[in-house]
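Q: Supplied in structure tokens, the structure appears directly below.
The values are calculated or read from the model by the stated rules, or taken from the named source; none is laboratory data. No experiment lies behind these values; they were computed from the predicted model shown. When we count neighbours, we look across all protein chains shown, and the Cβ atoms used for this are built from the backbone with ideal geometry, even at glycine.
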């Protein structure tokens, strides 16, 4: 994950207290808390990530 390009959600709070970052991977997407980037992440498979985006948009 050292080479992953992390992007902060445009829906994250302006005060920086509710920040989520996403890195698009070949097999899906990784999600982490931007306030604690070394605290871990989870990977979501392509189909689940697509379903999530469909539901929230």
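Q: I need every pair where a residue in region 1-18 that is loosely packed, with under 10 Cβ neighbours inside 10 Å has its Cβ under 7 Å from the Cβ of a residue that is modelled with pLDDT of 80 or more and assigned to a strand (DSSP E or B), sequence separation at least 6 or different chains.
A: Partner pairs satisfying both residue conditions: 5/23.
Q: Modelled with pLDDT of 95 or more and within 9 Å of the chain's Cα centre (by Cα): does that describe residue 51? If you could, list the steps in order and put the result at the bottom.
A: Details: modelled with pLDDT of 95 or more: yes; within 9 Å of the chain's Cα centre (by Cα): no.
So residue 51 does not fit the description; no.
Q: For region 19-36, which residues satisfy the criterion of being over 11 Å from the mean Cα position of the chain (by Cα) and either surrounded by 12 or more Cβ atoms within 10 Å (Cβ to Cβ) or farther than 13 Å from residue 5 by Cα (or both)? Break it down stepwise before answering.
A: Step one: list which residues in region 19-36 are over 11 Å from the mean Cα position of the chain (by Cα), which gives 26-27, 35-36.
Within region 19-36, 27, 35, 36 meet the criteria.
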